[in-house]
Amino acid sequence: MSIEDKLKQLEEKKSKIKNLDPQAVEKQHEKGKLTARERIDLLVDPGTFEEFDPFVKTRSTYFGLDKKFIPADGVITGIGLVNGRRVALYSQDFTSLGGSLGEMHALKIVKMQELALKLGIPFIAMNDSGGARIQEGVDSLRGYGDIFLRNVRASGVIPQISVQLGPTAGGAVYSPALMDFIIMTEKATMYITGPNVVEAVTGEKVTHEQLGGGIVHNEKSGVAHFLAKDDEDAINTVKTLLSYLPDNYLQDPPIVETSDSPNRETPSILEIVPDEPNVPFDVKDVVKEVVDENSFFEVHEDFARNAVVGFARINGRTVGIVANQPVYLAGVLDINSSDKIARFIRFCDAFNIPLITFVDTPGYMPGTAQEHGGVIRHGAKILYAYSEATVPKITIIMRKAYGGAYIAMCSRHLGADVVFAFPQAEIAVMGADGAANIIFAKEINAAENPEEMRKKKIEEYREQFSNPYLAAERGYVDDVINPKDTRKAIAYMLDFLRSKHEEPILKKHGNIPL
Ligand code: HXC
């Protein structure tokens, strides 16, 4: 063969791999989904994608697999730039045997995982697959195991982002679950067993979407962190998310220039946060006022809405925001919000992202549902995560900070570097009503007019304890600030805390309550 013929052969081979079955592509598009390569084109900067292993094919001979042509063995893998940042990625091709994962398909993914880890660059997984390639039996199961192991090894070293763009069935859900963030389109599904098995085993009739659709996993299970309306929206979410993150745990997140002055005053917070302890307000209004203009990017928006977590920037630097949300369940801490907060804290701590905590919570949620569901075990995760975190930690007590929740929400006692309080802050074991009813029960019951006495005692307690000054006298609160100075105070402290260095205690690993 002459070199010309060899080049022609190479072209033919590559084009055969890239030219998918038009009917399968049409079916994919009809479902509102893009193909694996179209997705990569949307994600990476033009001309930057270098594909690895396009020629890889299955070694299996069972059920006629050796007679089938499966382009790229059903997964496109490679490296590229996303807004100039290096990433390693894979994108499963549902048009080729349902994107099912066999031995070689898995080894292609593993190669990318190992490359991402060696280079210290983010790993992006675009999933659209019928799961383990049934014809390859235990070899495909082994493939998943190999991927899971690398997911865990990379955890806390590089950001791992999973994008769910079609089905993910069976144990295949566990690679996304082991990664840092899951972005799901509304039509994507994730479940351990599909509707047929559910009906056979339990008799329950349920659709794919009801069982494990994007909305369900964003709102109910909390498995997914972001909901996207379609593939393009999901891929744009990856880009936005990446803009807040460093490439690996040894780096700081990128700095984004801003025209928003760190000294800008925030007087509207005085109007947003009501004086009365029981009047709700949207904590996101406070957050948006404090951070750089338009920089707040919420994570887990639809799950456990009584807490708010997300990334933002202050003076161009990424911060992690954790806040109680008074408009949902009065901002109480419960099982789901504890999981949400703790997981977010640990991600930020792993990747050098300072934490800003906004507090307004009446405490942990009472009741049998919570107690029997393990609110002790789940609530402990917040205490653990804050105590363990060595990144700069700044806390703003806006209003209520009662009981265990006061301690949990990054109090000085759990290692906050700076605690600010607003003048309307109430730092106490519990609210004035509950406290007065307990400690003045005898006086109230013995009074001629118990209701009048109750009111008097509540007022007495409020005067004495429902303020930030007792905590400030002890140094638990570093300063009581005018809310109009919130942004300025945080920005100044963040800048000072830049050099914070705290070595974690040397051990194999801790044992966070799970
Ligand atoms: C081999 C598969 C496949 C699989 C789909 N295909 N899933 N081939 N192994 N797991 C093939 C189909 O045979 C078909 O091939 C093509 O992909 C498209 O599939 P359709 O069924 O036509 O597509 P659709 O109607 O959109 O349905 C998608 C689906 C369904 C819901 C994902 O295919 C499905 O239920 N697949 C099986 C899901 C499953 O149970 N997987 C195993 C889970 S257990 P042709 O040639 O006709 O185009 C698992 C264990 C992992 O994953 C354990 C890790 C620890």
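No lab work stands behind these numbers, since they all come straight from the coordinates. Because the structure is a prediction, the values reported are computed rather than measured. Quick reminder, even Gly has a Cβ in these numbers, built from the backbone with ideal geometry, and neighbours come from all protein chains shown.
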Of all DSSP beta bridges in the chain, antiparallel share, percent nearest 5:
35 percent
Straight-line reach check, Lys484, cutoff 18 Å on alpha carbons, 8 or more apart in-chain or any other chain, hits among aspartates and glutamates -> Asp260, Glu265, Glu271, Asp275, Asp282, Asp285, Glu289, Asp292, Glu293, Asp360
What lysines sit close enough to Lys457 to cross-link, taking a C-alpha to C-alpha distance under 28 Å and skipping anything fewer than 8 places away on the same chain?
Lys400, Lys442
Ratio of Rg to Rh over the range 341-384 (Cα coordinates, Kirkwood Rh, two decimals)
1.06
If you take the C-alpha gyration tensor of the range 433-474, multiply each eigenvalue by 5 and take the square root, what semi-axes do you get, largest first, in whole Å?
24, 9, 6
If you take the square roots of the eigenvalues of the alpha-carbon gyration tensor of the range 145-192 and sort them as a ≥ b ≥ c, do you get rounded (a/c under 1.5), prolate (a/b over b/c) or oblate?
oblate
Taking the Cα centre of each part, how many Å lie between the range 416-489 and the range 355-406?
19 Å
Regarding the range 242-340, what whole-number volume in Å³ per residue does the convex hull of its Cα atoms give?
108 Å³
If I model a spin label as a point 7 Å beyond the Cα along the Cα-Cβ vector, how far apart are those points for Thr193 and Glu443 in nm?
6.1 nm
The simple spin-label model distance between His509 and Tyr492, using points 7 Å out along Cα→Cβ, in nm, is 4.1 nm
What does the charge count around Lys8 come to, taking other residues whose C-beta lies under 14 Å from its C-beta (Lys +1, Arg +1, Asp -1, Glu -1)?
0
Relative to the compact-globule estimate 2.2 N^0.38 Å (N residues), the Cα gyration radius of the range 163-280 stands at a ratio of 1.50
Relative contact order of the range 111-175, defined on C-alpha pairs under 8 angstrom at six or more residues apart (%)
50 percent
Report the Cα centroid-to-centroid distance between the range 146-196 and the range 256-327 in angstrom, as an integer.
30 Å
To make sure I understand, if each residue's beta carbon is the centre and we count other beta carbons within 10 Å, what order do Thr486, Thr390, Thr168, Thr368 fall in, fewest to most?
Thr368, Thr390, Thr486, Thr168
So if I take the alpha carbon set of the range 120-208, get Rg, then get Rh from the Kirkwood formula, what is the Rg over Rh ratio?
1.01
Final fewest-first order of His509, His217, His208 on the 10 Å Cβ neighbour count is His509, His208, His217
Expressed in µm² per second, the diffusion coefficient of the chain from the Stokes-Einstein equation, with Rh the Kirkwood radius over alpha carbon pairs, at 4 °C and 1.567 mPa s, is 52 µm²/s
His105, His413, His501, His300 arranged by Cβ crowding within 10 Å, fewest neighbours leading:
His501, His413, His300, His105
With the Cα gyration tensor of the range 4-82 in hand, convert its eigenvalues to equivalent ellipsoid semi-axes via √(5λ) and list them largest first in whole Å.
22, 19, 13
Output the relative contact order of the chain, whole-number percent, from Cα pairs under 8 angstrom with separation of 6+ residues.
9 percent
Excluding same-chain residues fewer than 8 positions from Lys57, which aspartates and glutamates have a Cα within less than 13 Å of its Cα?
Asp66, Asp73, Glu103, Glu136
Determine the dipole magnitude for the chain: charges of +1 sit on the beta-carbon of Lys and Arg, -1 on that of Asp and Glu, nothing else is charged, the reference point is the Cα centre, and the result goes in debye to the nearest 20.
1460 debye
Quick check: the distance between the Cα centres of the range 63-91 and the range 229-251, to the nearest angstrom?
20 Å
Paramagnetic reach from Thr202 (point 7 Å along Cα→Cβ, amide N under 14 Å) across the range 150-192
191-192
